[in-house]
Structure formats: C-alpha cells, structure tokens
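S.K.: Just dropping this structure here.
The values are calculated or read from the model by the stated rules, or taken from the named source; none is laboratory data. Everything quoted here is computed from the prediction, not taken from an experiment. Every residue, glycine as well, gets a Cβ built from its backbone with ideal geometry; the counts of neighbours run over all protein chains shown. All accessible areas refer to the heavy atoms of the entire protein, side chains included, with ligands and DNA or RNA removed. Shrake-Rupley method; radii C 1.70, N 1.55, O 1.52, S 1.80 Å.
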Amino acid sequence: MSNTTYSTYLKLDKLLSVQNVRSDPPEHDEMLFIIIHQTYELWFKQLLHELDRVKILFSGNDLFDSIHLFKRVRMILKTLVGQLDILETMTPLSFNSFRDRLDTASGFQSVQFREFEFLLGYKRAELMAYMKPDYYGYDRLKRRLEEPSLIHHFYELLEHRGEEIPAELRGKPSEPNRPNEQVQTALLRLYKTSPELAILFEMMTDVDEGMQEWRYRHVKLVERTIGSKQGTGGSPGVEFLKKTLFNPIFPDLWAIRHAM
Ligand code: HEM
C-alpha cells in the first residue's frame with residue numbers, strides 16, 4: 001500500500017516551515033508580507049513553466065495548445081494583480097513596524113520576475129549589473145538573456161503560416177522585442193484572414209496589458225505604503241517605478257490597432 005499522503009506529496013513540512021518573520025516581538029503583518037511574496041515566486045515559477053512550453057508549441061506550429069496555455073498565463077496574471085488588494089490592507093504604519101528588517105532586500109532583486117520579462121522578450125541587459133552571481137537563479141537568468149525569447153518562436157509560427165520574417169529580427173536572441181513594419185503588415189493580414197490566429201494575438205495582447213496593469217497597481221501600492229521614501233533596493237522608489245509604466249512587451253500588436 002502506498003504511503004503517500006496530502007502532506008508528503010506536497011512536501012508541506014518544508015513548504016510551511018519557511019515563513020519566518022524577522023521582527024521580534026513578531027509584528028502581525030510581516031507574515032502576510034512574506035506569504036504574499038512567496039506566493040508570487042511560486043506563480044512566477046508556473047508562468048515560466050507555461051511559457052517555456054509555449055516556445056516549443058510555437059516552433060511546432062501548434063496553435064490551439066498555444067492559445068490554451070496563453071489563456072492560463074492570462075488568468076495567472078489576473079490573480080497576481082488581484083493579490084495586491086490583499087497587501088493593500090496593510091497600512092503604512094504597520095509596514096513601517098518591520099520595514100527595517102528587510103534591510104536592502106527588494107522585489108527589484110526577484111530573479112524569476114526578470115526571467116519572466118526576458119522570456120517574453122522584454123530584455124534589458126543593463127539590469128544584469130544589479131543581479132549578483134550569488135542570487136538564487138542567477139545562472140538561469142543569464143542563460144535566458146542569451147537564448148531566443150518567446151518572440152523568436154512566435155516568428156517561427158508566423159513563418160509556418162506563410163509569412164516572411166525579416167532576417168535582422170531572427171539572429172539576435174539577446175535583443176529585446178522591436179517593432180517592425182513588415183511584421184505588422186503580416187499580423188494585420190493574419191488578423192483579417194485567420195480568425196484562429198486572431199484569438200492568439202488577442203491573448204498575447206491580454207498578457208501584455210496584464211503585465212502593464214500589474215506594474216501600475218504595484219506603483220500605487222508602493223505610493224500608498226511608502227509615499228516618496230526611497231526603496232529598500234536603493235532606488236528613488238515611486239518615481240523610479242513610474243518610468244516602467246506603459247511600455248509594451250509586444251509593440252507590433254499595439255502598433256496595428258489603428259489600421260483595423
Ligand atoms: C509594501 C509592499 C511593497 C513595497 C513598499 C514595494 C516597493 C518597491 C520599490 C520601492 C521598488 C523599487 C526598487 C527599490 O528601490 O526597492 C520595487 C520594485 C519591485 N517590486 Fe515591490 N514593493 C512591494 C510589494 C511587492 C510585491 C508583493 C511584489 C511581488 C513580487 C513586488 C515586486 C517588485 C518587483 C518585481 C520590482 C522590480 C520592478 C521593475 O524593475 O520593473 N513588490 N518595489
């Protein structure tokens with residue numbers, strides 16, 4: 001007879017033993033702060049798992065499974081945005097009661113968040129300067145910067161559908177996604193002639209918008225919680241984060257809207 005139980009399968013002894021508050025005596029809200037961030041990291045792991053699969057599906061011209069997984073990615077992102085509501089129940093006073101325990105720790109150092117950006121093709125090589133080789137996952141992040149991102153596999157899907165992709169977009173995996181008129185013409189044509197591809201393009205636009213929504217909600221969370229204070233990661237805080245707003249991941253999908 002098998003000895004597997006709910007807790008052994010999920011390794012709950014490990015999972016539930018790492019929510020260790022640093023404040024002493026313990027501040028009530030620090031537990032929430034830790035659990036929210038750990039939950040984010042688990043969902044980041046799942047997002048990477050899904051999109052690594054989508055890369056293979058795109059290259060294999062498997063449209064319907066790609067749509068299916070993009071739908072899932074979109075739903076996870078909605079959950080990630082929604083989770084900020086929970087953290088916004090923490091007042092600035094309450095956060096302040098344990099903030100100094102974070103020392104220089106900051107979400108800015110989340111390797112998996114950067115991996116997610118890089119995987120999508122939102123690559124900013126200059127950010128590697130802020131990541132230290134001893135950060136958990138650093139080598140993986142470096143690999144992601146250098147390897148083809150989702151957009152390169154997306155171009156392969158478009159080629160399977162008879163479109164020509166300019167050579168200059170294909171050969172530079174570490175380059176960020178760049179708008180390109182030839183790709184925009186192809187996308188516009190496919191939007192009009194291939195309804196099933198249009199569904200995928202809309203899902204990708206949803207994911208792009210979802211990331212922008214997360215950034216906006218995070219800025220407002222930060223603003224209401226620390227105002228104009230500097231970040232624990234050393235940035236000017238809100239003013240720095242505002243500069244990350246309204247930047248698309250897939251610029252071509254936004255550039256063609258007026259022509260539809
Ligand atoms: C009270 C809650 C929070 C505050 C006050 C806060 C504050 C900040 C600040 C000030 C920065 C800029 C870097 C720095 O100087 O530290 C930042 C960046 C960041 N935070 Fe938060 N944060 C909070 C919650 C969260 C949560 C729940 C997540 C989820 C993982 C998160 C993820 C990130 C990420 C990924 C960045 C980098 C953003 C980018 O470079 O585009 N933060 N945060």
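S.K.: In region 1-27, which residues are assigned to a loop (DSSP other than H, G, I, E, B) and either surrounded by 13 or more Cβ atoms within 10 Å (Cβ to Cβ) or under 29 Å from the mean Cα position of the chain (by Cα) (or both)?
M.R.: L10, K11, L16, S17, V18, Q19, N20, V21, R22, S23, E27, listed by residue number.
S.K.: Tell me the residue from V183, V219 that is out of contact with any Gly (no Cβ under 8 Å at 6 or more places or on another chain), open to solvent by less than 40 Å² (accessible area, probe 1.4 Å), within 16 Å of the ligand (Cβ to nearest atom) and assigned to a helix (DSSP H, G or I), please.
M.R.: Selected residue: V219, the only one of V183, V219 that is out of contact with any Gly (no Cβ under 8 Å at 6 or more places or on another chain), open to solvent by less than 40 Å² (accessible area, probe 1.4 Å), within 16 Å of the ligand (Cβ to nearest atom) and assigned to a helix (DSSP H, G or I).
S.K.: Next up: Under the condition of being among the hydrophobic types (A, V, I, L, M, F, W, C) and open to solvent by 10 Å² or more (accessible area, probe 1.4 Å), which residue from region 191-214 is nearest to K78 (Cα to Cα)? Working first, answer last.
M.R.: Narrowing region 191-214 to residues among the hydrophobic types (A, V, I, L, M, F, W, C): 197-201, 203-204, 207, 211, 214.
Next, from what is left, pick out any that are open to solvent by 10 Å² or more (accessible area, probe 1.4 Å): 198-199, 203, 214.
Working: A198: 21, I199: 18, M203: 13, W214: 8 Å.
Once the filter is applied, the top-ranked residue is W214.
S.K.: Now a separate question. For region 35-56, give me each residue that is open to solvent by less than 30 Å² (accessible area, probe 1.4 Å) and either outside any helix (DSSP H, G or I) or free of Cβ contacts under 8 Å to residues at least 40 places away in the same chain (or both).
M.R.: The answer is E50, and nothing else.
S.K.: Go over the candidates L158, L169 one by one and state the one that is among the hydrophobic types (A, V, I, L, M, F, W, C), within 19 Å of A255 (Cβ to Cβ) and either open to solvent by 60 Å² or more (accessible area, probe 1.4 Å) or modelled with pLDDT under 95 (or both).
M.R.: Checking each option against the conditions leaves just L169.
S.K.: Here's something else I'd like to know. For R124, only one of the following conditions fails: (1) within 16 Å of the ligand (Cβ to nearest atom); (2) within 25 Å of T79 (Cα to Cα); (3) open to solvent by 30 Å² or more (accessible area, probe 1.4 Å). What is its number?
M.R.: The number of the failed condition is (2).
S.K.: Filter region 112-155 down to the residues that are closer than 20 Å to F201 by Cβ, of a type in the set (G, A, S) and either assigned to a helix (DSSP H, G or I) or touching a Ser or Thr at 6+ places or on another chain (Cβ under 8 Å) (or both) and list them by number.
M.R.: Listed by number, the list holds a single entry, G121.
S.K.: When T225 is evaluated against the numbered criteria (1) more than 11 Å from the ligand (Cβ to nearest atom); (2) crowded, with 17+ Cβ neighbours inside 10 Å; (3) not hydrophobic (A, V, I, L, M, F, W, C), which criterion, by number, is the only one it fails?
M.R.: Going through (1) more than 11 Å from the ligand (Cβ to nearest atom); (2) crowded, with 17+ Cβ neighbours inside 10 Å; (3) not hydrophobic (A, V, I, L, M, F, W, C) one by one, T225 breaks only (1).
S.K.: Looking only at region 198-206, decide whether some residue is assigned to a loop (DSSP other than H, G, I, E, B) and more than 16 Å from the ligand (Cβ to nearest atom).
M.R.: no
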